[in-house]
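Asker: Below you will find the structure I want to go over with you.
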Amino acid sequence: MERKWWKEGVAYQIYVRSFKDSNNDGIGDLRGIIEKLDYIKSLGVDMIYLNPINKSPNDDNGYDISDFEDIMTEFGSLADFDELLSGIHNRNMKLIMDMVINHSSDEHPWFIEAKKAKDNKYRDYYLWSKGKGENPPNNWGSFFGGSAWELDKNTGEYYLHIFSKKQPDFNWSNKNLREDMKKMIKYWIEKGVDGFRMDAINHLAKDMDFPDGEMKEGALYGDFIPYVQNLPEVHDYLKELRKDVFTGDQVVIGETGGINYENAHVYTGLDNKELDFTFHFDMHSVGKGEKPWERVEIDLIKDIKEKMTGWATREENEGWCPIFYSNHDTTRTVSRLGDDKEYHALSAKMLATLQLTHKGTPFIYYGDEIGMTNAADFQLEDYRDISVSYGYREYVLSGLVSHENYVKGLNLTSRDNSRTPMQWNDRKNAGFSDVNPWIRVNSNYNSINVEKEEKDQNSILNYYKKLTLLRKEELALVYGSFKEIDEDNKSVYSYERSLGGKKILVVCNFFGRDAEINLSDEVVDSGYKLKLDNYGVYNKGSIKLQERLVKLRPYEARIYIN
Ligand code: TEU
Ligand code: CA
């Protein structure tokens, strides 16, 4: 296995808008991150992944870029960026930028030019089509709801936007567009950026015949996914970027919906030379019921073990993978996969144990390290995500769903659950800002915050620090083999990592009830001694694993080392 910095490190994802507001305008910014670099370093992380920081009108909070080579006004300046980057490098950490190249903002100069005339030089940087009479070119919907087509009255043609109408899709079959995109990425590489998370990257190619999508039961629009996701040309564009741009030691990470551990090698295979690894969506909908306002009990084997073990046991030449549960597009880990009430700390620590001992690069999402939860008491007016306004129009104003159920659904599934301000302390606005933040602080900030947890040896925060330290000490957790044990156990997830003579056993009770696991003689005879547990009641090294039957308390997690 080839050693790489991005395999050995632990990553920390920061949603910049919600991390720390240094100039009291209610919006997080780069200088706020600079203020907190020592805190970030204290977590034991090695790389920081920032959500988009380029100039943007913020229709989709930075995922709609109007200037790829400048910093979003609210976040600061290029000088602030340079200071942040040197602060990161001086602390021996790396920076991964979010690179959003499937589309631009409709306020980008190229799109403003393109709209002027059909023969404009930039017209074909985007995807245009005539309508059918008064109707759009086809029945595609957008990911945010509504049609994927917007009529430009000036030229009488529609442009494609698979996200919001302020995010017109680029035409990647246009060589000039590709050359301009390469120049732009090189600009950031020359500034010293260490890696890129390529947003929605498997959407770069579209079926340019724009055929209608299949109308599925109850759908408002045709199924457009087969025509805009994982088309063959995406591989050509990625190979071209790898050959002409990513020629150094940068890590290139894709975000690829519709990809799983069985087919990810089409992008991450070592012989493909496209992506180093790719973010999947496996964990996004775990526990989601038929309707957004319903939840179902997690099936540990189907929803978690099969997927995480699947990713961990791929052949080396299929590429690498991340280990993450949450990001800015889903909900808070402990609320979706653990228990944010009775067993809040124990379940958060159990989930952290799995994440930091599994095979792949762990991405800790800001706030998960202190056990931040979903904003369960948000009302409609508290939500900021563009997809909420689209959805409300489409489902509530049309009479399809009641207001109450729609809001209950948001409480359980909205991306804004993962975008509330970082909870630094129990003072005004959780120490995020002196003024009202752009989005409401979670009302539990007085009990869940950094200041409180730094002082508590048994806090979730200090447990994460023990795990990141253990991962640094034990290369077996990075490059070691992965072997699941007792696979049919419906409550306990257990596995062994081994490298050379070093063996590590992890056993996690995934639920809030007692459970047990039967270990084989071979495991029991490995001479395991307890190294870390989330109940914190054992003195370390004292417990030798001697009995085959291990009884575990609710959400109990243990790590043994031989
Ligand atoms: O999300 C991409 C995304 O949502 C699609 O890839 C889709 O969900 C997936 O393909 C379904 O299979 C990224 C960002 O993470 C998100 O925050 C942005 O809103 C979106 O792109 C638009 O830039
Ligand atoms: Ca600010």
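Asker: Which Cα, out of F277, G141, Y39, lies furthest along the positive dipole direction of the chain (beta carbon charges, K/R +1, D/E -1)?
Answerer: The one lying farthest along the dipole's positive direction is Y39.
Asker: I've got another one for you. By how many nm would the segment from E297 to N562 grow when fully extended, if each residue of separation counts as 0.36 nm and the alpha-carbon distance is taken off?
Answerer: Difference between extended and current length: 91.9 nm.
Asker: Okay, moving on. Sketch the reach of a paramagnetic label on K490 as a point 7 Å from Cα along Cα-to-Cβ, and name the residues of the stretch 281-298 whose backbone nitrogen lies under 16 Å away.
Answerer: From the stretch 281-298, the list is 296-298.
Asker: Given the -39500 (n - 2.57) contribution per DSSP H run of 4+ residues, what per-residue ellipticity at 222 nm results for the chain, rounded to the nearest 500 deg cm²/dmol?
Answerer: -6500 deg cm²/dmol
Asker: Tell me the carbon and sulfur percent of the accessible area for the chain, rounded to whole percent, probe radius 1.4 Å.
Answerer: Carbon with sulfur: 48 percent of the solvent-accessible area.
Asker: Now, a different point. Which lysines, if any, have their Cα less than 26 Å from the Cα of K116, not counting same-chain residues under 8 positions apart?
Answerer: K55, K130, K132, K153, K165, K166, K175, K182, K183, K206
Asker: Rg to Rh ratio, the chain, alpha-carbon atoms and Kirkwood radius?
Answerer: 0.96
Asker: Expressed in nm to one decimal, what extension gain is obtained for the pair L475 and I543 from 0.36 nm per residue of sequence separation less their Cα-Cα distance?
Answerer: 22.2 nm
Asker: Here's another thing I want to ask about it. Counting heavy atoms of the protein chains only and a 1.4 Å probe, report the per residue accessible area for the chain as a whole number of Å².
Answerer: 38 Å²
Asker: Over the Cα atoms of the stretch 480-561, each weighted equally, I'd like the Debye log10 I(q)/I(0) at q = 0.12, 0.17 Å⁻¹, rounded to two decimals.
Answerer: -0.30, -0.63
Asker: Within 10 Å, at most 16 other Cβ atoms, and a DSSP state outside H, G, I, E, B define an exposed site. Report the longest part of the chain free of exposed chymotrypsin sites (Phe, Trp or Tyr not before Pro).
Answerer: Within the chain, the longest run free of exposed chymotrypsin sites (Phe, Trp or Tyr not before Pro) spans 1-280.
Asker: Can you list the residues of the stretch 118-155 with backbone N under 19 Å from a point 7 Å past the Cα of A219, pointing along Cα to Cβ?
Answerer: Taking a point 7 Å out along Cα→Cβ of A219, the residues of the stretch 118-155 whose backbone N falls under 19 Å are 136-150.
Asker: So, one more: If each of E107 and R513 carries a label point 7 Å out from its Cα toward its Cβ, how far apart are those two points in nm?
Answerer: Placing both labels 7 Å beyond Cα along the Cβ direction yields 5.3 nm.
Asker: Contour minus end-to-end for S173 and K288, with contour as 0.36 nm per residue of separation and end-to-end as the Cα-Cα distance?
Answerer: 37.7 nm
Asker: Straight-line reach from K428: which aspartates and glutamates have a Cα under 19 Å away, not including same-chain ones fewer than 8 places off?
Answerer: Qualifying aspartates and glutamates at Cα under 19 Å: D21, D25, D29, E35, D377, D382, E451, E453, E454.
Asker: Can you give me the distance in nm between label points at L380 and D249, each placed 7 Å from the Cα along the Cα-to-Cβ direction?
Answerer: Taking the two extended label points, one gets 5.4 nm.
Asker: With both bridge residues required to lie in the chain, what share of the DSSP beta bridges run antiparallel, to the nearest 5%?
Answerer: Around 60 percent of the beta bridges assigned by DSSP in the chain are antiparallel ones.
Asker: Going toward the positive end of the dipole of the chain, with +1 on Lys and Arg Cβ and -1 on Asp and Glu Cβ, which of F170, S66, L85 do you reach last?
Answerer: About the Cα centre, the residue reaching furthest to the positive side is L85.
Asker: At a Cα cut-off below 21 Å, give the lysines reachable from K7, other chains included and same-chain residues fewer than 8 away excluded.
Answerer: K41, K94, K273, K307, K359, K465, K466, K472, K483, K502, K503
Asker: How much net charge surrounds S129 when only other residues with a Cβ under 13 Å from its Cβ are counted (Lys, Arg +1; Asp, Glu -1)?
Answerer: Result for the neighbourhood of S129: -3.
Asker: Considering only DSSP states other than H, G, I, E and B, which trypsin sites (Lys or Arg not before Pro) in the stretch 216-319 qualify as loop sites with at most 11 other Cβ atoms within 10 Å?
Answerer: K216
Asker: Based on Cβ point charges of +1 for Lys and Arg and -1 for Asp and Glu, what charge dipole magnitude is obtained for the stretch 480-561 about its Cα centre, in debye rounded to the nearest 20?
Answerer: The dipole of the stretch 480-561 has a size of about 440 debye.
Asker: Rounded to the nearest 0.05, what FRET efficiency do V435 and E404 have when you use their Cβ-Cβ distance and R0 = 41 Å?
Answerer: Calculated value: 0.85.
Asker: For the chain, give the magnitude of the charge dipole about the Cα centre (Cβ charges: +1 Lys/Arg, -1 Asp/Glu; no others), in debye to the nearest 20.
Answerer: 1180 debye
The values are calculated or read from the model by the stated rules, or taken from the named source; none is laboratory data. For clarity, every value in this text was computed on a predicted model and none was experimentally measured. Every residue, glycine as well, gets a Cβ built from its backbone with ideal geometry; the counts of neighbours run over all protein chains shown. Please note that ligands, DNA and RNA were not included when accessible areas were found on the heavy atoms of the full protein model with its side chains. Shrake-Rupley method; radii C 1.70, N 1.55, O 1.52, S 1.80 Å.
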